[in-house]
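The values are calculated or read from the model by the stated rules, or taken from the named source; none is laboratory data. Since we're looking at a predicted model, the values are computed, not measured. Here the Cβ positions follow ideal geometry from the backbone for every residue, glycine too, while neighbour counts run over all protein chains shown. Keep in mind that these areas ignore ligands, DNA and RNA; they rest on the heavy atoms of the full protein, side chains included. Shrake-Rupley method; radii C 1.70, N 1.55, O 1.52, S 1.80 Å.
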Amino acid sequence: RFFVLNNDAGLLEYFVNEQSRHLKPRGTLQLAGAVISPSDEDSHTFTVNAASGEQYKLRATDAKERQHWVSRLQICTQHHTEAIGKNNPPLKSRSFSLASQGSANSPGVQRRPSQNAVSFFNVGHHRLPTGKRVPIMQPDHLVDVREMMSQAEGQQRDLIRSIECLPVSGHLTSLDQDLLMLKATSMATMNCLNDCFHILQLQHASQQKGSLPAGTTISWLEPKISLANHFKNGAAQNFPSEVNKPASVREEQSIAEPCQLAREPEEINPDEELEDICDDKEDDLGAVEEQRSVILHLLSQLKLGMDLTRVVLPTFILEKRSLLEMYADFMSHPDLFIAITNGTTPEERMIRFVEYYLTSFHEGRKGAIAKKPYNPIIGETFHCSWRMPKSNVATDAGSNFSAHSPSEQVTLSKDLEGQTELDYYTVKFVAEQVSHHPPVSGFYAECVERKMCVNAHIWTKSKFLGMSIGVTMVGEGLLSLLEHGEEYTFSLPCAYARSILTVPWVELGGKVNISCAKTGYSASINFHTKPFYGGKLHRVTGEVKQNTTNTVVCRVQGEWNSVLEFTYSNGETKYVDLTKLSVTRKRVRPLEKQGLFESRRLWQHVTESLRDGDIDKATEHKRALEERQRNEERLRAETETPWCTKYFLKEGDGWVYHKPLWKTASAAQTQQTDTN
């Protein structure tokens, strides 16, 4: 069949073939409320699950085409799902009860993705006096519903508290299967009702938009937390000075705040960065063992295949860094990265890239215990750099791997302080969270002296798989070697957190491809997951070949976190022990010099609390950050204000750094030519 996406109508139409597309379609599928999901069975298949219950299973020609279709379908689905709430008129009757919510158009719109709408209008930065109602935005019947739902939420919390206060052993325990099911279903019921209330709020807001008189101040109902008191990330924020201002003034400022952020890219001076002394290994189970009942409770509410993107996971499973910083840690072998462009032939450069690629994952993990990095807040950034002595970078076809031990490498890094600029290369790194739903990160690294850079965008998708959690890294990276005019595209493997009830550990899995269109060389790498019986952990195999002649020029096998064996076409073999491979510490600015939205400053209170073992305090700080993000997102949705990124620009289906080396180098060359 020949499928056509009708964006305007929100329909997926199909015809017998392309020639018959001018005729009436053989079938249509409404995309409003649909769920679009790539299949785990291969890299080509995806499914469209309509709100009506119909399901289409489709297969693209390759992974890239699948991603293109999935992205377009999801955008169209989201647009038409949100349009349901905006286009349907609000209820006109003043008499309103919870029972009436289940009628009318609600079944068609309850399938929209949950947006945790409990506090859709709990957005303000101040608390109104008890009992005060604001008639500008809230009609009486919606206020009545909000009060009734608040009572229901209180009763549901009391129920949960009563169950959790039961003993963990005996005739009736807090882990009783029926009680766990009662907790899950009561929570699901409240979430469903809150989704309905969220839709009603959207309907009324869309009716009110543009009809308010000039100068009208929008006020909001009781916030869950006082963001002004929670979100303190340094002396730059002088919240106490605003306490005496009128509530309306503070509210107007908070609404405008997302648009008033410094969206102009900041040039980071590497000389302001200092060698990182932070070394947070995650080898201690600690709170994970103590909070086993919390994990069991969480698992009781999850279903196989459930998307975990919107699930709030407990704080004690977090590692002490943001996902953006984790991407930076993949660059901890800058000597191998720089050495790629020093290869004398296209074959050697491809092999060097594969060698660097496979050695990057080991240092990206902080210890053997599987913990989750912080989910970046939209607009969050991370900056760092590395300095590498030129004498440590391989320049010929010999060994690409430094013989220095990790302790020797630290000494070398300190010795750099006395060297001149010409004695070392600088690799600069910047990452930014460019989207919240879906969660997409962009990162970029460059070495100006060697005229090379890498740009990537990654959409992390997590799923519950029973006793493990799978994370798919959707996206693509591009390495540019400007000296040779070569571009290498690559993808990332999936990650799995196994044995989440005992000692969780990380496993990589899936097939990734690296290719260079100009030279015709490509690499295929398989990260093997451990079979149920027998087999080795963390096994990886791969080969590099010349596509024109289909000749294999290099094979690799081993473990991605232990020893890798490279066998070349000339018969030579090289072994790389990743546990002994030198690591260059990244350089970061001190916290006091970082911006409010830079990762370490943004999450500093969460990190400090985790280091102190104060899980409750860490959870409180984490919740404050997440609540702020939700509130600002809702305000942008209401005012239809798009989010403006700082360092990355949308190009097609991907994100590209605003000033990549291939553009700046080309501009400088053009300017030099004009001068001559």
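See the values below:
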{"read-out": "Where N244 falls short, out of the listed (1) under 35 Å from the mean Cα position of the chain (by Cα); (2) more than 22 Å from T639 (Cβ to Cβ); (3) at pLDDT below 50", "value": "(1)"}
{"read-out": "Single match in P660, P642 (criterion: modelled with pLDDT of 85 or more and either aliphatic (A, V, I, L, M) or loosely packed, with under 12 Cβ neighbours inside 10 Å (or both))", "value": "P642"}
{"read-out": "Hey, C447 over 19 Å from the mean Cα position of the chain (by Cα), under 26 Å from S524 (Cβ atoms) and crowded, with 21+ Cβ neighbours inside 10 Å or not", "value": "no"}
{"read-out": "Strands (runs of 3 or more DSSP E) lying entirely in the stretch 462-578 (those with 1 or more residues that are on the phi > 0 side of the Ramachandran plot, open to solvent by less than 60 Å² (accessible area, probe 1.4 Å) and basic (K, R))", "value": "none"}
{"read-out": "Matching entry among Q55, Q67, Q78 (being crowded, with 19+ Cβ neighbours inside 10 Å and either without any contact (Cβ under 8 Å) to a residue 40 or more places away in the chain or not hydrophobic (A, V, I, L, M, F, W, C) (or both))", "value": "Q67"}
{"read-out": "Subset of the stretch 145-161 that is of a type in the set (K, R) and at pLDDT 80 or above - its residue that is farthest from T173 (Cα to Cα)", "value": "R157"}
{"read-out": "Among the residues listed as A32, A9, the single one being part of a loop (DSSP other than H, G, I, E, B), within 28 Å of the chain's Cα centre (by Cα) and not hydroxyl-bearing (S, T, Y)", "value": "A32"}
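Per-residue answers, yes or no, for (1) touching a Cys at 6+ places or on another chain (Cβ under 7 Å); (2) under 21 Å from N561 (Cα atoms); (3) at pLDDT 90 or above; (4) crowded, with 21+ Cβ neighbours inside 10 Å:
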residue: E325; (1), (2), (3), (4): no, yes, yes, yes
residue: Y357; (1), (2), (3), (4): no, yes, yes, yes
residue: G364; (1), (2), (3), (4): no, yes, no, no
residue: P376; (1), (2), (3), (4): no, no, yes, yes
residue: S385; (1), (2), (3), (4): no, no, yes, yes
residue: S399; (1), (2), (3), (4): no, yes, no, no
